[in-house]
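> Sharing a structure below in structure tokens format, with a few things to ask.
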Amino acid sequence: MSILEMSDRPKLRSPGRMKYDKARQLELLLLPERVVELNEAAGVILRLCDGQRTIAQMIAELEAKYVQTGLGDDIVEFIASAAERGWLELCS
């Protein structure tokens, strides 16, 4: 896999989609022939992966939302892992 650029714009790989399960109170990633249960952080990050926001914008948005700094490495690591699993595609 190539190295991520902060200007990359990740988006869910089609036909994947996100769904919130109210009964279990967790985010789900619906993929062909499988469902991935996500923790809260993964769900928040994947919902921002719309192909419009850059990775840098996502980091800034999440750091502002959670009033924290230093989240960039964890966010980039998660996006890279999700792309390797085929959940995301990266647009430049």
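The values are calculated or read from the model by the stated rules, or taken from the named source; none is laboratory data. Everything numeric here is computed off the predicted structure, so don't read it as measured data. Here the Cβ is made from the backbone with ideal geometry for all residues, glycine too, and neighbour counts use every protein chain on show. Surface areas here come from the heavy atoms of the whole protein model, side chains and all, with no ligands, DNA or RNA. Shrake-Rupley method; radii C 1.70, N 1.55, O 1.52, S 1.80 Å.
> In Å³ and rounded to a whole number, note down the convex hull volume per residue for the Cα atoms of the chain.
Taking only Cα atoms, the chain has a hull volume of 93 Å³ per residue.
> What does the charge dipole of the stretch 1-54 about its Cα centre add up to, to the nearest 20 debye, if the Cβ of each Lys and Arg holds +1 and the Cβ of each Asp and Glu holds -1?
So the dipole magnitude of the stretch 1-54 works out to roughly 200 debye.
> Where does the charge balance sit around Q68 when Lys and Arg score +1, Asp and Glu -1, over other residues with C-beta under 15 Å from its C-beta?
Taking every other residue near Q68 into account, the sum is -4.
> Could you work out the relative contact order of the chain? I mean the mean sequence separation of Cα pairs under 8 Å and 6+ apart, divided by the number of residues, in percent.
39 percent
> Another question, if that's okay. Please check: in the Gaussian network model of the chain (C-alpha springs, under 10 Å), which one of G70, G16, G43 has the largest mean-square fluctuation.
Sorting by GNM fluctuation, first place goes to G70.
> So, counting K/R as plus one and D/E as minus one, what does the shell of residues with Cβ under 12 Å around D8 add up to?
Surrounding charge for D8 is +1.
> While we're looking at this one, here's another question. Using +1 at the C-beta of Lys and Arg and -1 at the C-beta of Asp and Glu, which of L30, S81, Q68 has the Cα lying farthest in the positive direction of the dipole of the chain?
Positive-most Cα among the choices belongs to L30.
> Then there is this: From the backbone phi of the stretch 79-92, what are the Karplus-calculated ³J(HN,Hα) couplings (6.51 cos²θ - 1.76 cosθ + 1.60, θ = phi - 60°) in whole Hz, Gly and Pro given as x?
Each residue of the stretch 79-92 in turn: 4, 4, 5, 5, 5, 4, 6, x, 7, 10, 10, 9, 9, 8 Hz.
> Same structure again: Using a 1.4 Å probe, how large is the accessible area of K19, given in Å² and rounded to the nearest 10?
100 Å²
> With θ set to phi - 60° and the Karplus curve 6.51 cos²θ - 1.76 cosθ + 1.60, what are the ³J(HN,Hα) couplings of the stretch 68-74 in order, to the nearest whole Hz, using x for Gly and Pro?
Per-residue couplings from phi come out as 9, 10, x, 7, x, 4, 5 Hz.
> Once each part is reduced to its C-alpha centroid, what is the distance from the stretch 2-17 to the stretch 27-79 in angstrom?
Comparing the Cα centres of the stretch 2-17 and the stretch 27-79, I get a distance of 11 Å.
> Which lysines have a Cα lying under 16 Å from the Cα of K11, excluding residues fewer than 8 positions away in the same chain?
K19
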